[in-house]
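Read-outs throughout are calculated quantities, based only on the coordinates presented, and are distinct from any laboratory measurement. Since this is a predicted model, take the numbers as computed values, not measurements. Reconstructed Cβ throughout: ideal geometry from the backbone, glycine too, with neighbour counts over all protein chains shown.
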Amino acid sequence: MKILVVTPSFEAGGAENIAVMVANGLKQNAQKVDVFTLNGQGPLRARLSTSIKVKVAGSVQASKAILELRKYIREHNVDVIFCSLGYMVAFCKLSIILSGKKVKLIAREATMPSAAASQRSSVSQYAFRALISWAYRFSNLVIAPSKTIASDIENYYRVGRNVHILANPVNAVELQEMAKADVAWELPFKPESYTVISALGRLHQVKDHEMLIKAYALTKSKSRTKLVIIGDGEEKEALSKLIAEKGLKDNVFLLGHKSNPFPYLKLSSIFVQTSRLEGMPNALIQASVLENHLLATACPGAVSELMPEDNLVSVGNAQELARKIDSCLQKGISATRLNLPLHSESEYCSELLRRL
């Protein structure tokens, strides 16, 4: 069986990360697998097995790469396509139809479509909804990482079928091994002398790191804590300015993108996620594996489904988050266990193909 994993890029996004993990898992299961991408650049490419062939399209726009994917399907006798992200699923379905081949399509939704749609104009929202709804209805298998997201897909896109629930793969053994790297010397402070609070994610408004910094500024324990934020993005300049305005240059550090962020999470005791919208919270899961105490916003998505209620705060509420951080430090820090089964890339891929 020839399987093609399709991803928009190798940038550090959740859907892109899952695409790389699925490709690697299929390879571990001795499947014939290639990757087709619109953009061959990005830090996640280094995590892809070097034995997997990568085809980079001539355009970064999905609409202009349809004929290229059609050609690839024909010339390489593709049997199955796996794709995450709704618009990319539609791109794959159109390419399959144009190829004239009987190719099975596995579609995975990465986030809450109803919440994500609110960020588009009404015309764009209608067009996306119609196109993706059509693509999901004619996919062979539709996967969601949680009950909450599955229900939202069924209701928003009216797919007229049951959406299969399959939690994201987590290679706990590999993650813990990667976390052993020594990065303490890179930090501008001695981590053993402080309680480290961490956050991981692209610097984008939807991640709301602004609220996290404002909450940290309100805590009563800054003399014995440091906050590190791992990730890069368009909000970096604004966040740096906010850190300076709050007088936190000696407490809050923007570390930028790290190809291996796990040693930093290992040094951390408290992990905070302040998203306004989050599909399956991969960073939260990774921090849980590395035995962090977790705090997160009860945003649309799977977070509330996985987290203990006492560990949740309202979206955008800096005062509430500050109180939670202070309370955690006063009462003692304990690792948070999530309501989530853990399975490796290989196990995830075996289950995917079984359900297909």
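Are there trypsin sites (Lys or Arg not before Pro) in the range 204-300 that DSSP puts in a loop and that have at most 16 other Cβ atoms within 10 Å, and which ones? The qualifying sites are K220, K246, K249. Only the Cβ atoms of Lys and Arg (+1) and of Asp and Glu (-1) were treated as charged; on that basis the dipole of the chain about its Cα centre amounts to roughly 880 debye.
A Gaussian network model of the chain, with springs between Cα atoms under 10 Å, assigns the largest mean-square fluctuation among V315, V159, V183 to V183. Highest mobility in the GNM of the chain, judged by mean-square fluctuation with C-alpha springs under 10 Å and restricted to C299, C328, C83, is found for C328. Provide the FRET efficiency to the nearest 0.05 for the Q205-Q28 pair, computing r from the beta carbons and using R0 = 35 Å. Result of the calculation: an efficiency of 0.45. Label-to-label distance, E192 versus I333, with points set 7 angstrom from Cα along the beta-carbon direction: 1.6 nm. Projected label points at A184 and Q319, each 7 Å from Cα along the beta carbon direction, are separated by 3.9 nanometres. Spatial offset of the range 1-55 relative to the range 253-316 amounts to 25 Å, using the alpha carbon center of each. Semi-axes of the equivalent ellipsoid of the chain are 37, 21, 19 Å, computed as sqrt(5λ) over the eigenvalues of the C-alpha gyration tensor in descending order. Here's the picture: charge each Lys and Arg Cβ at +1 and each Asp and Glu Cβ at -1 in the chain, and of G332, G247, A57 the one pushed furthest to the positive end of that dipole is A57. Each residue of the range 16-33 was assigned a 3J(HN,Hα) from its phi angle through the Karplus expression (A = 6.51, B = -1.76, C = 1.60, θ = phi - 60°), giving 5, 5, 5, 4, 5, 5, 5, 4, 5, x, 5, 5, 4, 8, 6, 8, 7, 9 Hz with x at Gly and Pro.
Each Lys and Arg Cβ is given +1 and each Asp and Glu Cβ -1; about its Cα centre, the range 173-331 then shows a dipole of about 540 debye.
Using θ = phi - 60° in the Karplus curve 6.51 cos²θ - 1.76 cosθ + 1.60, the 3J(HN,Hα) couplings for the range 69-80 round to 5, 4, 5, 5, 4, 5, 6, 10, 6, 5, 9, 9 Hz; x is entered for Gly and Pro. If the segment from K102 to S49 were pulled out straight at 0.36 nm per residue, it would be longer than the present Cα-Cα gap by 16.3 nm.
When each of K53, K32 is scored by the number of other beta-carbon atoms lying within 10 Å, the sequence from fewest to most is K53, K32. Among A244, A302, A62, the largest mean-square fluctuation in a Gaussian network model of the chain, built with springs joining Cα atoms closer than 10 Å, belongs to A244. When Rg and Dmax are taken over the Cα atoms of the range 162-268, they come to 15.4, 52 Å. With all pairs of separate Cα atoms included, the range 1-95 yields a Kirkwood hydrodynamic radius of 13.0 Å. Only residues of the range 12-30 count here: report those whose backbone N is under 19 Å from the spot 7 Å along Cα→Cβ of E305, or say none. Hits in the range 12-30 for E305 at 19 Å: 14-19. Within the same chain, lysines fewer than 8 places from K226 are excluded, and of the rest, those with a Cα less than 30 Å from its Cα are K180, K190, K207, K214, K236, K241, K246, K249, K258, K266, K324, K331. Helix-only arithmetic for the chain: the sum of -39500 (n - 2.57) across DSSP H runs with n ≥ 4, divided by the residue total, places the mean residue ellipticity at 222 nm at -11500 deg cm²/dmol. For the pair I165 and L218, the difference between a 0.36 nm per residue extended length and the Cα-Cα distance amounts to 15.2 nm. Using only Cα atoms and rounding to the nearest 10 degrees, what angle (0 to 90) does helix 318-331 make with the longest principal axis of the chain? Long axis of 318-331 versus the principal axis of the chain: about 70 degrees.
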